Structure formats: C-alpha cells, structure tokens
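K.L.:
Have a look at this one.
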Amino acid sequence: MKPPTAAQRRIIEAADPQTGRLTGTEAQLQALVRARLAFRHPRPPHACFLTPAGHRVRDEATAPASPTPEPPPPPSAASGVFAARTGTETERTGAEGPARVREVRSAWEGLVELRRMTNPDGARDRPCAWERTHLVQAAALALEAAGCRPADPEHPGYRVSSTPQPEAVAVREPTPDGIRACAAALERAGWQTSEHAERRGGGGRYVLASPRRV
C-alpha cells in the first residue's frame with residue numbers, strides 16, 4: 001500500500017477523534033477509500049470513516065515525538081572519573097604528567113562536543129548550559145586544557161572560585177603574567193573577562209570571568 005500523500009494525511013489527522021469521520025472533497029474521500037484508509041458507510045449520507053489502517057496513520061501522526069535524549073555532561077568530579085583542577089584542592093589526586101594531559105584533552109574535547117550538541121546554533125566556541133550551571137569546573141577545565149597550571153600544595157598557580165555575582169567566577173594567579181595568561185585562555189574558550197583589584201588591598205588583582213552568550 002502506497003503511503004498517504006501530505007494532503008491525505010491532513011484529512012486523516014482532522015478526522016473526528018471519536019468516530020473517525022472524515023471531511024473533504026468527494027475526490028479526496030474517494031482516494032482514501034481506494035487506498036483502504038477509509039470506508040464509505042452504506043447508509044445515507046454515505047459518510048466516510050477511517051479504517052483501522054487509517055486510524056494507525058492518524059495515531060502515528062499525532063503521537064508526541066520522542067524527546068531527544070540529553071547528551072551526558074563531560075566527565076566531572078561527580079562521575080568519579082575526571083575532575084578539572086580548580087587550584088583550591090588541599091591535596092593532589094589523580095593522574096600526573098602525560099596521563100593527566102591526555103585526560104584533560106579528552107575532557108575538553110567532550111565539552112566542545114557537548115557545546116555542539118546543546119547550543120541552539122551548534123556553536124562550539126561558546127559555553128553551553130552545562131557550563132553555566134558548573135561555572136567553577138568549566139572555567140578550571142578551560143584553563144587546564146589551555147596549559148595553565150593550577151595551584152597545588154607544592155606549587156603556585158591559578159585558583160578558581162565562585163563569586164556572589166551570577167554566572168561569574170574569580171580566577172586568581174600570583175603573577176601579573178599568570179593573570180593575563182588565564183584571561184587570554186578563558187577568552188579563547190568563549191568566556192568574557194575583566195581584571196579587578198582585590199578589595200582587601202595589598203595590590204593583588206584577579207580576573208572575573210563569565211560565559212559569553214553571543
């Protein structure tokens with residue numbers, strides 16, 4: 001049996017939901033009868049009604065589309081597999097050296113793919129919804145993937161922390177060059193940044209970073 005045309009599908013979808021009675025021109029109804037998607041009642045006014053095959057076509061057309069499954073987030077601390085280093089850890093854990101580099105690269109590639117799948121325009125150069133709800137982890141991953149060094153108990157480096165400001169994190173680094181390198185890395189990753197002086201004084205500065213929207 002040939003599949004119904006678009007015009008025939010519209011007539012089928014508009015059938016009475018209770019009785020399956022169809023409305024259309026005589027030619028349209030006769031075509032549905034020939035396609036065995038409708039039958040004509042033997043008694044006047046000889047109205048046309050959906051056959052079981054016609055009902056199946058209507059049910060398929062009106063069934064809600066299956067929701068697109070949400071892609072999994074990139075590996076994170078919650079998964080127990082990978083956690084971007086924020087520089088605020090009290091002890092060093094996980095892989096080191098080349099193994100760590102591979103883990104970071106894989107996590108970053110996964111995040112870029114998540115951007116492609118979840119940003120409405122498929123943009124890979126702009127943070128996605130997951131990053132906006134995991135600001136510290138997302139910023140730390142962008143920094144580590146760019147080659148910036150997180151602080152640890154033995155070495156200085158960047159430190160990423162949350163802020164009272166919505167959709168913003170603070171990035172601190174002990175040197176002016178380190179501050180500039182962190183800001184540049186985040187901007188390349190699709191974040192907007194600005195440099196500020198510490199309120200507590202002492203001449204220190206930090207970067208305020210937010211996911212770019214456009």
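K.L.:
Output the residue which, of all residues in segment 53-70 that are more than 18 Å from ALA7 (Cβ to Cβ), open to solvent by 80 Å² or more (accessible area, probe 1.4 Å) and assigned to a helix (DSSP H, G or I), is modelled with the highest pLDDT.
P.N.:
ARG56
K.L.:
Another one. Taking only segment 113-134 into account, find how many residues are open to solvent by 30 Å² or more (accessible area, probe 1.4 Å) and touching a strand residue (DSSP E or B) at 6+ places or on another chain (Cβ under 6 Å).
P.N.:
Residues flagged as open to solvent by 30 Å² or more (accessible area, probe 1.4 Å) and touching a strand residue (DSSP E or B) at 6+ places or on another chain (Cβ under 6 Å) within segment 113-134 amount to 1.
Residue-by-condition table, conditions (1) among the small types (Gly, Ala, Ser); (2) part of a strand (DSSP E or B); (3) in contact with a Leu (Cβ under 9 Å, 6 or more places away or on another chain):
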position	(1), (2), (3)
ARG132	no, no, no
ALA138	yes, no, yes
GLU167	no, no, yes
GLU187	no, no, no
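K.L.:
If you don't mind, there's one more thing I want to ask. It is to be established whether one or more residues within segment 97-112 are in contact with a strand residue (DSSP E or B) (Cβ under 9 Å, 6 or more places away or on another chain), assigned to a helix (DSSP H, G or I) and either open to solvent by 90 Å² or more (accessible area, probe 1.4 Å) or modelled with pLDDT of 90 or more (or both).
P.N.:
no
K.L.:
Something else about it: Are there any pairs, at least 6 apart or on different chains, whose C-beta atoms fall under 6 Å, with the first in segment 120-139 and over 15 Å from GLN192 (Cα atoms) and the second of a type in the set (D, E, K, R) and open to solvent by 10 Å² or more (accessible area, probe 1.4 Å), and if so, which?
P.N.:
GLY122/ARG116; ARG124/ARG116
K.L.:
Test each condition in (1) loosely packed, with under 14 Cβ neighbours inside 10 Å; (2) out of contact with any helix residue (DSSP H, G or I) (no Cβ under 8 Å at 6 or more places or on another chain) for SER162 and report the one that comes out false.
P.N.:
All conditions pass for SER162, except number (2).
K.L.:
Can you tell me which residue in segment 20-52 is farthest from the chain's Cα centre (by Cα), limited to those that are in contact (Cβ under 8 Å) with a residue 12 or more places away in the chain and open to solvent by 80 Å² or more (accessible area, probe 1.4 Å)?
P.N.:
It comes out as PHE39.
The values are calculated or read from the model by the stated rules, or taken from the named source; none is laboratory data. All values derive from a computational prediction rather than experimental measurement. FYI the Cβ positions are ideal-geometry reconstructions off the backbone, even for glycines, and counts take in every protein chain you see. With ligands, DNA and RNA removed, areas are computed over all heavy atoms of the protein, side chains included. Shrake-Rupley method; radii C 1.70, N 1.55, O 1.52, S 1.80 Å.
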